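Peer 1: Take a look at this one; I'll ask things after.
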Amino acid sequence: MEIMTLSWGIRSRAGGFPRAVAHVATAVLAVTAMLAALWAGPLAAASADTRPRAAVQSPAPAPAPVKFYIVPPPGHGPADSLFTIAAKTLGDGSQFMKIFNLNKGRLQPNGARLTNPRLIEPGWILQLPADAAGPGVHFGPLPGVTAPVSHRLSGPAGTGSAAMISGAVLAFLAAGLAFRLIRRRAGPTRRRRPAHARAPGRAGRAPRPGLQHDRDRSIAPTSAPAPPGRVIGSPAGDRERATGPGARGHQVPHRPAGQPTVPADPFRAQQSVRLANRTVPDAVHPAAGISQQAPTVAAAPRQACEGDAAQPRPALMEMRAELDQVAACVAGALQSTMTPMTTPAARNTTHPMARRTTKPVSLPGIPRPAPAEPVPRPAKPAAKPAGRPRQVRAMRLAVLAMTIPIVFGLMSATGELALHGYGFFVFRSAGTGATQQGSSGPAPSQPPAAHHPRRAGSGQADPQGARHRQDQAGRDP
Amino acid sequence: MANPAAGARARRPDPAEHTLERPPKTRNRVDAWMEQDLKFAGSVIKRKTVTVFVLGIPALAPLFFMSRAVIELNSSTMNQVEADVLGTGAMALLILTLTVTPMVTLTRQHWFVPLRKWYGIVLACTATADAILAAITSSFTGGVLGRLTGHTFLLAGFAMVSLLFPLLLISNTSAQRWLGKYWKPLQKLTYAIWGLLFVHLALLEGFGFQNGTNGPGSGFDHNPVLHQRLYQLTACSLPLLLLRLSPVRRWVARQQKAGRERAVYLAFLPLAALYALFFAYIVNEEIFKGVSAFRLQPVNG
């Protein structure tokens with residue numbers, strides 16, 4: 001945090017500081033931070049090692065005897081695994097997780113630790129469950145395992161490791177900060193393009209509200225106080241840049257009036273504004289020079305390219321005329337197949353194809369006859385755009401699925417007509433055209449009852465063979 | 001079967017609309033209101049969703065009415081009233097399905113358009129159930145084939161179901177992608193089903209004002225026409241057909257553009273009243289027969 005604060009201080013004063021001094025100061029700070037971090041670990045470890053030696057060296061109680069297994073070196077047979085050890089000692093290989101849980105993370109003689117149940121190494125001492133038995137099972141105090149001796153300052157392992165890790169993290173952070181600071185000074189080529197100049201790669205992501213530009217350090221939050229002079233973030237500044245010598249040919253989108261703004265950190269805003277005010281004038285002058293030199297620099301290649309292009313142009317024009325003539329001949333031939341010819345002689349004299357047989361059409365350098373009148377092509381009928389083959393197949397399948405049942409129904413109806421006759425087929429159950437009783441269809445045992453009470457004296461014949469009429473007596477209870 | 005009447009509000013270029021400068025699509029106030037969120041018991045749901053759901057529930061009524069008879073295998077009930085309940089219900093559903101597009105034309109609201117697909121799906125299910133139950137339980141002679149295609153009106157009904165069932169199968173988004181530009185023409189076969197329903201009812205009941213299946217000798221209102229399914233369908237189809245004609249649609253669009261929406265409503269008020277009158281009889285018949293079927297006390301006629 002202190003380094004960061006110092007760096008911010010340097011950056012904030014960069015307007016008056018020589019830039020090289022700022023670079024050197026940043027680099028010195030970074031190196032100092034790294035060295036301090038590297039030394040912080042051992043020193044912290046040493047300072048933490050002030051506990052009474054007696055407490056460290058107090059004799060530990062004798063460990064209880066347990067059953068353990070020493071992984072042998074690989075022999076001729078398959079190498080040991082926790083599964084085989086469990087099978088040998090516990091009688092069931094599937095209980096290998098018991099062994100794994102007993103030894104998980106414990107330091108082994110070679111300095112490694114058991115972390116993967118699939119990976120054990122020769123010489124490892126594996127504690128076994130109490131019910132283990134069989135060859136290779138030892139019983140007694142678990143042999144002590146000492147950690148590999150470190151060449152660093154001795155101290156409690158946990159404290160030293162934590163200090164080392166914290167030192168390394170600090171060093172990493174300091175290095176990253178220094179790198180970032182230096183990179184920001186590196187110039188506009190490394191700088192990320194502002195949001196309005198980037199292509200909408202992420203599907204038109206909207207810029208953050210309240211900011212004129214996105215992710216660019218030359219942003220002035222709209223809520224920040226406008227410093228005197230030219231301000232990039234202000235609309236006036238944007239217009240000036242867009243129309244000035246360094247304009248990129250695009251307009252900066254302005255925030256519409258009334259859009260809510262996001263309160264920004266005024267300190268960072270001021271830093272951004274100062275940085276922008278310092279960098280933009282430096283960039284404007286080179287850009288103006290480049291824009292002035294660009295026409296003169298580009299003129300020579302342009303002339304060369306135009307000269308190169310002018311050489312094949314006549315030949316291309318000739319080729320185009322040839323192709324036009326050939327197209328006219330083909331069109332005439334096509335039309336001749338559709339229109340009846342009068343006489344062969346007339347064809348030989350009028351058809352362009354016939355002229356081609358007698359006289360070569362064109363050769364380079366030889367004056368050609370005037371191109372024949374273009375024969376109007378026969379008007380093509382407006383073809384419907386063909387659908388995709390997959391969709392056509394799907395449509396045919398759907399139509400088939402509708403047609404097959406209908407054809408089946410027609411065949412079935414034809415069969416019924418042949419079996420029962422026309423009277424049966426045109427049977428009508430109700431309505432004005434109800435067929436007479438006995439013609440066809442189901443004849444109800446009793447006259448059907450109506451939903452609505454029948455009008456007395458209507459004189460209408462009861463429909464015979466009503467499909468859906470049954471006697472009221474036929475109701476279910 | 002979805003989007004059966006999609007041809008009305010269509011991509012088909014309408015020459016008069018080009019000349020008349022189609023009015024800019026302004027969002028209807030009702031549509032905007034339907035898009036608002038409705039907070040209910042800690043959850044947020046659109047009003048449109050709730051309304052469409054509520055309006056879609058009655059479509060299941062025919063299947064619900066017959067469910068008890070089917071579950072209890074009550075062949076008597078199924079034999080007597082399955083065609084009345086399921087057939088009348090399918091007719092009502094077809095009319096409802098075909099009503100959505102004219103309603104869009106008239107009101108310029110779109111929040112109820114999803115109902116068209118839902119009603120179409122339930123229509124196909126209801127018609128298929130009607131065909132299956134008729135083939136199994138009805139008392140016609142000729143076996144299963146005779147019960148399905150033995151008579152002319154049965155053949156017309158079977159053709160309707162034969163068209164409806166594939167349309168039901170392709171009424172999903174995957175089939176829409178699968179068929180591409182052919183999906184819509186296939187769904188327009190609903191109009192063929194509409195015509196087949198006329199044929200079916202004409203062959204079943206015939207023309208005339210006597211001995212209608214639903215009202216032989218007329219009912220309590222002494223008006224057999226209102227109880228005859230063929231005339232019910234004709235009366236309900238008349239405004240639906242009229243509002244699908246291009247000149248009428250152009251006239252409606254012109255009036256709406258001119259801000260004379262009341263004139264449109266007034267012009268179609270008689271047809272809407274006719275539609276409502278006959279549709280009320282259809283619904284009345286469906287509820288009457290359906291409730292009796294659910295109570296396993298079917299009423300004939």
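Peer 1: Tell me, B:Ser76, B:Ser174 in order of fewest to most beta-carbon neighbours within 10 Å?
Peer 2: B:Ser174, B:Ser76
Peer 1: I need the phi-derived Karplus couplings for region B:179-192: 6.51 cos²θ - 1.76 cosθ + 1.60, θ = phi - 60°, integer Hz, Gly and Pro marked x.
Peer 2: 8, x, 6, 8, 5, 5, x, 5, 5, 6, 4, 4, 5, 5
Peer 1: Can you give the net charge of the other residues whose Cβ lies under 11 Å from the Cβ of B:Gln228, counting K and R as +1 and D and E as -1?
Peer 2: -1
Peer 1: Could you pull out every residue, at least 5 positions away or on a different chain, whose amide H is within less than 5 Å of the one on A:Val137? Hs are placed 1.01 Å off N in the peptide plane, and Pro or chain starts have none.
Peer 2: none
Peer 1: Could you grab the relative contact order for region B:48-189? Cα pairs under 8 Å, six or more apart, rounded to a whole percent.
Peer 2: In percent, rounded to a whole number, it is 22.
Peer 1: At 7 Å along Cα-to-Cβ for each site, give me the label-to-label distance between A:Val426 and B:Val283 in nm.
Peer 2: 3.9
Peer 1: Through the Karplus equation 6.51 cos²θ - 1.76 cosθ + 1.60, θ set to phi - 60°, convert the phi angles of region B:228-243 into ³J(HN,Hα) values in whole Hz; use x for Gly and Pro.
Peer 2: With the stated coefficients, region B:228-243 comes to 9, 5, 4, 6, 4, 5, 5, 5, 6, 7, 4, x, 5, 6, 5, 6 Hz.
Peer 1: If you don't mind, another one. Take B:Thr49, B:Thr137, B:Thr88, B:Thr173 and order them by how many other Cβ atoms sit within 10 Å, fewest up front.
Peer 2: With the sparsest Cβ surroundings first, the list reads B:Thr173, B:Thr49, B:Thr137, B:Thr88.
Peer 1: Sort B:Thr105, A:Thr89 so the one with the fewest other Cβ atoms within 10 Å of its own Cβ comes first.
Peer 2: Ascending number of Cβ neighbours within 10 Å: B:Thr105, A:Thr89.
Peer 1: A follow-up question, please. So if we plug the beta-carbon distance of B:Thr173 and B:Lys39 into 1/(1 + (r/R0)^6) with R0 = 41 Å, what FRET efficiency do we get, rounded to 0.05?
Peer 2: 0.85
Peer 1: Quick one: 3J(HN,Hα) in Hz for region A:127-136, Karplus 6.51/-1.76/1.60 with θ = phi - 60°, rounded, Gly and Pro as x.
Peer 2: Rounded to whole hertz, the list is 5, 10, x, 5, 8, 6, 7, x, x, x.
Peer 1: Amide H to amide H, which residues 5 or more places from A:Phe427 or on other chains are under 5 Å from it, using H placed in the peptide plane?
Peer 2: Under 5 Å from the amide H of A:Phe427 lie the amide H atoms of B:Thr152, each far enough along the sequence or on another chain.
Peer 1: A follow-up question, please. In nanometres, what is the gap between the two model label sites at A:Phe408 and B:Val50, each 7 Å from Cα along Cα-to-Cβ?
Peer 2: 4.6
Peer 1: A follow-up question, please. In peptide A:388-396, what is the residue-averaged number of other protein chain Cβ atoms found within 10 Å of each Cβ?
Peer 2: For this peptide, the per-residue mean of nearby foreign Cβ atoms is 4.
Peer 1: Separate question: Once amide H atoms are built 1.01 Å from N in the peptide plane, which residues 5 or more positions from A:Val66, or in another chain, come under 5 Å H to H?
Peer 2: Hits under the 5 Å cutoff: A:Gly140, A:Leu142.
Peer 1: Roughly what would the spin-label model give for B:Ser67 and B:Gln255, points 7 Å off Cα along C-beta, in nm?
Peer 2: Each label point is offset 7 Å from its Cα along the Cβ direction, giving 4.2 nm.
Computed from the coordinates by the stated procedures, all read-outs in this text should not be read as laboratory data. All figures in this text were calculated on a predicted structure; none of them were measured in a lab. Cβ: placed from backbone, ideal geometry, glycine included. Neighbour counts: every protein chain shown.
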